[in-house]
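First up is the structure itself, then whatever we jot down about it.
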Amino acid sequence: MVRFKKRYIVLEVELPPKCKKEDRLLYFSLKNKIRQLHGEYGEAAVEKGLRVKYVNEQTNIAIISVARYAFKLVASTLPFVTKISLKTLYVGASFKHSLLFIKKHHEKTLRALRVSESSVDTQKT
Amino acid sequence: MFRAKGFCDLNIEAENSNLKESVLKALSLGYQTIAINQNVTLPSLEKSGSKKRKGAEEGNGSIVPVPVTVNLSSADLKRYKITREPVILTRITISYTDPSSPYLLKSADAIRQYDLIAFVPENDATLKQVMTGKIDVDIISLIPNSATYQLSRSLLKSSMERDVYFEIPYSPCITDVHARKQIIMLSHFLHRTCKSSNIIITSKAKCPTHLRYPYDVINICQFLGLSEIASKAAIGTMAHNAVYCASARRRGVSKCAVQITVSPDADECKKFVGIESAEEYMKSYKTGKRKLSEKCKAKKKKIKVDKSNEVDDSGVIKF
Amino acid sequence: MFEPNVTEFPAPESHVEFSYHSWDDPKLESTFRQLIDEHPFNRKIGILLPGLSESPKEIKKILVDDTDYYHISELPLSVFCTPVFLEAFLQSGKVYAISCDARLDLDNVAALTPDGWLILLLDKFSYQELQLDGKLSAHILRRPKERYVVKVNLKENFIPGKPYYKKVVRALSYVQLKFNFWISWVPNDAEVCPSSIAKYFDDEGYHVAVRRTSLSSSIILNAYVPVIEKETSDMDLYKAEDILEYIGCSSLGIKLTEEGTSVCDVLNPKPNRIMKSICTVRSVGFFIPSQSRELIQQIRSVLEETDEEVLPWAAVTVYGHIDSVVTWNLMENSYSVNGDNFYTILITRNQVWCYKVSGPRKPCRFFAKCNKRI
């Protein structure tokens, strides 16, 4: 059996405040935009494989999966989504790799935070 | 034995707003082979009570209707400027849910009247029955909602090896938004799993306005994940193959009789009349052949003997 | 996993080849041979004469005189193999025969080229009955193996009585392949009348009809005509393409403007000047390569006789038969959405521009790995 190949897009999301069911909000806003831009054909082509895999409101990071052949259709609509502001961080071929990327990303941001904090501390002393 | 010619449209609904006109329109658009389709839904046993079952058994023949034919006069053909000779086939589409349905066996003869037999499996069990060749199928038309069943690659491959064709109708695509989406998804699915091989494109038209020009259908197929050549094959050569395989299935295993005629100027002893004496002749011929082969063997033996002599001689010389 | 192509919808493939020569270029002859002589079956000729209000008589004469061809209905192919036909027509001249009223992409088609090749494109069942060797057609899918090309050379090693001859004749007479043919014949001996082929088939009992080439002409008044410079040192290929577009539009009677309109976005190529009239001549028939050669020579002499201000240049477009089996040099023609094969020759007083437009050439193999079974 051959694998159904997917692409995993890691996004930085800015969710509206006091938001519930973030994954559904993300999914439907994306799908509505695809219908607007690529029409029914694009919607049908994307349907198989488009899932919101992971949303974290604390860290503002989400992962969506797309079928490989329809990647361009989804990637071209991402900048047009207005309800949630999105920023593509990484496109990976497996879920594991995108999680690894998130880990590295967090480490990087933490280190930057620490550096800034320590600089603040040194200024205080 | 009939053969499909030209462009094919293997599904024009018999429950049509105007059947004759839609057939004529299809022919004038450039199609040459047309199948008129009748839909039958087999009642499932579990739902219907025992009383109903009896009633159904009584009206055995009524489940499968008589094939509908359209008589086209030469004046009609002239009016629509049709020059090529049309091939009009009959087709039945059976949708059923129960794999152990008795109606399949009972009405087998009635079903065999049709030139093409199509099945609509409505759940996983019937799908498996249709795909693995438990019953005679020519065309499988899947329900465009892919959530209905789990199609696996091995099932699709086994059905492809038996030259069963999958049908994608395009007229629901034109009229209905929801159906359009489902059909695109289905065809993409078929492309992913079996490279879109063994696919035929049909119209499933219920009125003459739903028919499209064959070269426009090729353009529609771009949406369905088929390349230009593949979509042309889907309304041309693939459909020809489907019709050919169907007619071969109807005819069954080919058997032939041999007629042996001996030219009058041959020898007296070789003249035979009828198949019995011909069999005798064949027997005598075979025995004659055997004798010949024996003679050949004898000759070979002789040669061998000669060779052994030589070896002996050479051995003598060596010694 | 075989993924459907969701984002790319390629247009039908088409090739344009372009070359230009001066009249005394030694390569011109080989270009003409490749372009004109190797393209045997021509259906239509269009001539564009900017500046003239009426087409010259000499050109009309070439198109109408001695261009009759014959339509023979329901001709079995075994007729081409009879010893009489081989000796009287095939060996002593050039036979141009092509099946008409048959679609290249669906029906069986046949052609007999002047080199003596009998080329058939058959479906699976006819091919299996025929018992002759053939190749899979290049323009079908791998599966089902549905269309085959069979080539038989009737000129070389095809002697009555020999085993190969017997095999071919038996195969062609066993399967009753019948086609409607357009036929024209050019004898080697100039004294023999070309119509004797029609008489031969008439005597054999086939229905023969004489077809005349039709001629029509139209005029566009006060239109822009692109100026073609005498110098060919720096040729702009975009300009060459624009001019091909211009020739196509004008021969259809479209008047191009300086600025694009909402209806037509094709612009007039620059530099240009206004002329009183453009004359287009269209002729439908069955033309053989020598006729188009003669026509080009005639147009050249017309150009030389008239003043440059009156007639700056002329263009000849020769359209091949859409449903012909072969195009240039016995290459297989394909008909996916269209079966374009035509060439355009633009003639000025000192140079020749040659355009060659052909359909897709790539073999279409969709199921590359499924070669196992038929």
- [ ] Please go through segment A:42-57 and pick out each residue that is surrounded by fewer than 16 Cβ atoms within 10 Å (Cβ to Cβ) and either of a type in the set (S, T, N, Q) or not in a strand (DSSP E or B) (or both).
- [x] A:Asn56, A:Glu57
- [ ] Could you please find all residues in segment C:16-34 being farther than 18 Å from C:Gly359 by Cα and not polar (S, T, N, Q)?
- [x] C:Tyr20, C:His21, C:Trp23, C:Asp24, C:Asp25, C:Pro26, C:Lys27, C:Leu28, C:Glu29, C:Phe32, C:Arg33
Open item on the list: I'm checking my understanding of the structure. Among residues of segment C:103-120 that are within 13 Å of chain B (Cβ to nearest Cβ) and not acidic (Asp, Glu), which one is surrounded by the fewest Cβ atoms within 10 Å (Cβ to Cβ)?
Closed with: C:Arg103
Task: Residue that is farthest from the other protein chains (Cβ to nearest Cβ), among those in segment C:75-95 that are among the small types (Gly, Ala, Ser) and closer than 25 Å to C:Ala190 by Cβ - done: C:Ser92
- [ ] Please tell me if A:Arg3 is surrounded by fewer than 18 Cβ atoms within 10 Å (Cβ to Cβ), within 14 Å of chain C (Cβ to nearest Cβ) and among the basic types (Lys, Arg).
- [x] yes
TODO: Pull up segment A:1-25, narrow it to residues that are among the aliphatic types (A, V, I, L, M) and assigned to a strand (DSSP E or B), then point me to the one that is farthest from A:Thr88 (Cα to Cα).
DONE: A:Val13
TODO: Kindly provide the set of residues from segment C:277-336 that are assigned to a loop (DSSP other than H, G, I, E, B) and among the hydroxyl-bearing types (Ser, Thr, Tyr), ordered by number.
DONE: C:Thr306, C:Ser324, C:Thr327, C:Ser334, C:Tyr335, C:Ser336
TODO: Spot the failing condition for C:Leu244; the list is (1) free of Cβ contacts under 8 Å to residues at least 24 places away in the same chain; (2) under 27 Å from the mean Cα position of the chain (by Cα), and only one is missed.
DONE: (1)
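Determine whether A:Lys96 is assigned to a helix (DSSP H, G or I), out of contact with any helix residue (DSSP H, G or I) (no Cβ under 8 Å at 6 or more places or on another chain) and surrounded by 10 or more Cβ atoms within 10 Å (Cβ to Cβ).
Details: assigned to a helix (DSSP H, G or I): yes; out of contact with any helix residue (DSSP H, G or I) (no Cβ under 8 Å at 6 or more places or on another chain): yes; surrounded by 10 or more Cβ atoms within 10 Å (Cβ to Cβ): yes.
So A:Lys96 fits the description; yes.
Test C:Phe32 against the criterion of being within 24 Å of C:Thr280 (Cα to Cα), outside any strand (DSSP E or B) and hydrophobic (A, V, I, L, M, F, W, C), and give yes or no.
Values: within 24 Å of C:Thr280 (Cα to Cα): yes; outside any strand (DSSP E or B): yes; hydrophobic (A, V, I, L, M, F, W, C): yes.
Yes: the conditions hold for C:Phe32.
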Open item on the list: Name the single residue that is surrounded by the fewest Cβ atoms within 10 Å (Cβ to Cβ) among those in segment B:225-243 being part of a loop (DSSP other than H, G, I, E, B) and within 8 Å of chain C (Cβ to nearest Cβ).
Closed with: B:Ser227
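Of all residues in segment A:6-18, which are within 14 Å of chain C (Cβ to nearest Cβ) and among the aliphatic types (A, V, I, L, M)?
As a first pass, look at segment A:6-18 and keep what is within 14 Å of chain C (Cβ to nearest Cβ): A:6-7.
Those that are within 14 Å of chain C (Cβ to nearest Cβ) and among the aliphatic types (A, V, I, L, M): none in segment A:6-18.
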Task: Inter-residue pairs, beta-carbon under 6 Å, first more than 11 Å from chain C (Cβ to nearest Cβ) and in segment A:56-84, second basic (Lys, Arg) and surrounded by fewer than 17 Cβ atoms within 10 Å (Cβ to Cβ), 6+ apart - done: A:Ile63/A:Lys53; A:Ser65/A:Arg51; A:Ser65/A:Lys53
TODO: Looking for whichever is under 30 Å from B:Ser154 (Cβ atoms), away from chain C (no Cβ under 14 Å) and of a type in the set (Lys, Arg) here; the options are A:Lys21, A:Lys53. Which one fits?
DONE: A:Lys53
- [ ] Please verify whether segment C:126-145 includes one or more residues that are within 12 Å of another protein chain (Cβ to nearest Cβ), surrounded by fewer than 19 Cβ atoms within 10 Å (Cβ to Cβ) and among the aliphatic types (A, V, I, L, M).
- [x] yes
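Residue under question is B:His178, and the condition is that it be under 18 Å from B:Ala230 (Cβ atoms) and assigned by TED's automatic domain parsing to the domain that holds B:Asn219; does it hold? Before the answer, list the steps.
On the way: under 18 Å from B:Ala230 (Cβ atoms): no; assigned by TED's automatic domain parsing to the domain that holds B:Asn219: yes.
Answer is no for this residue.
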Task: Residue in segment C:29-58 that is surrounded by the fewest Cβ atoms within 10 Å (Cβ to Cβ), counting only those that are within 30 Å of C:Asn338 (Cα to Cα) and among the hydrophobic types (A, V, I, L, M, F, W, C) - done: C:Phe32
Task: From B:Ile174, B:Ile168, B:Ile143, B:Ile184, residue being without any contact (Cβ under 8 Å) to a residue 24 or more places away in the chain and either within 22 Å of B:Leu211 (Cα to Cα) or not hydroxyl-bearing (Ser, Thr, Tyr) (or both) - done: B:Ile143
Open item on the list: Quick check on this structure: which one of C:Lys135, C:Lys162 is more than 17 Å from C:Leu330 (Cβ to Cβ), out of contact with any helix residue (DSSP H, G or I) (no Cβ under 8 Å at 6 or more places or on another chain) and without any contact (Cβ under 8 Å) to a residue 40 or more places away in the chain?
Closed with: C:Lys162
TODO: State the number of residues belonging to segment B:156-193 that are within 19 Å of the chain's Cα centre (by Cα) and of a type outside the set (Asp, Glu).
DONE: 11
Open item on the list: Can you report the number of residues in segment C:236-263 which are of a type in the set (A, V, I, L, M) and touching a Pro at 6+ places or on another chain (Cβ under 8 Å)?
Closed with: 1
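Every residue, every condition in (1) free of Cβ contacts under 8 Å to residues at least 12 places away in the same chain; (2) closer than 30 Å to C:Phe89 by Cβ; (3) surrounded by 12 or more Cβ atoms within 10 Å (Cβ to Cβ), yes or no:
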site: C:Ser195; (1), (2), (3): no, yes, yes
site: C:Arg212; (1), (2), (3): no, yes, no
site: C:Ala223; (1), (2), (3): no, no, yes
site: C:Met275; (1), (2), (3): no, no, yes
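Report, by residue number, each residue of segment C:187-217 that is among the hydroxyl-bearing types (Ser, Thr, Tyr) and over 30 Å from C:Thr280 (Cα atoms). Walk me through it before giving the result.
Of the residues in segment C:187-217, the ones among the hydroxyl-bearing types (Ser, Thr, Tyr) are C:195-196, C:200, C:206, C:213-214, C:216-217.
Within segment C:187-217, C:Ser195, C:Ser196, C:Tyr200, C:Tyr206 meet the criteria.
Do we find that B:Ser141 is small (Gly, Ala, Ser), under 23 Å from the mean Cα position of the chain (by Cα), crowded, with 19+ Cβ neighbours inside 10 Å and within 23 Å of B:Glu228 (Cα to Cα) in this structure?
Here the answer is yes, as B:Ser141 does meet what is asked.
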Open item on the list: I'm told A:Tyr27 meets every condition in (1) surrounded by 18 or more Cβ atoms within 10 Å (Cβ to Cβ); (2) within 30 Å of B:Cys194 (Cβ to Cβ); (3) more than 14 Å from chain C (Cβ to nearest Cβ) except one. Can you identify the failing condition by its number?
Closed with: (1)
Open item on the list: Among (1) within 11 Å of chain C (Cβ to nearest Cβ); (2) of a type outside the set (Lys, Arg); (3) surrounded by fewer than 19 Cβ atoms within 10 Å (Cβ to Cβ), there is one condition A:His38 misses while meeting the rest; what is its number?
Closed with: (3)
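If only one of C:Ile98, C:Ile62 is more than 14 Å from chain B (Cβ to nearest Cβ), crowded, with 17+ Cβ neighbours inside 10 Å, assigned to a strand (DSSP E or B) and β-branched (Val, Ile, Thr), which one is it? Give the derivation first.
Details: C:Ile62 fails: assigned to a strand (DSSP E or B).
Testing whether each residue is more than 14 Å from chain B (Cβ to nearest Cβ), crowded, with 17+ Cβ neighbours inside 10 Å, assigned to a strand (DSSP E or B) and β-branched (Val, Ile, Thr) leaves just C:Ile98.
Within segment C:121-136, work out how many residues are at positive phi and charged (D, E, K, R).
Step one: list which residues in segment C:121-136 are at positive phi, which gives C:131.
In the following step, the residues that additionally are charged (D, E, K, R) were identified as none.
Residues in segment C:121-136 being at positive phi and charged (D, E, K, R): 0 in total.
In segment B:1-25, which residues are assigned to a loop (DSSP other than H, G, I, E, B), within 14 Å of chain C (Cβ to nearest Cβ) and of a type outside the set (Gly, Ala, Ser)? Can you show your working first?
From segment B:1-25, those assigned to a loop (DSSP other than H, G, I, E, B) are B:1-6, B:14-18; that's our starting set.
Checking the rest, the ones that are also within 14 Å of chain C (Cβ to nearest Cβ) come to B:1-6.
Those that are assigned to a loop (DSSP other than H, G, I, E, B), within 14 Å of chain C (Cβ to nearest Cβ) and of a type outside the set (Gly, Ala, Ser): B:Met1, B:Phe2, B:Arg3, B:Lys5.
The values are calculated or read from the model by the stated rules, or taken from the named source; none is laboratory data. What you see is a predicted model; the values in this text were computed from it and never measured. Cβ atoms come from the backbone with ideal geometry, glycine included; neighbour counts cover every protein chain shown.
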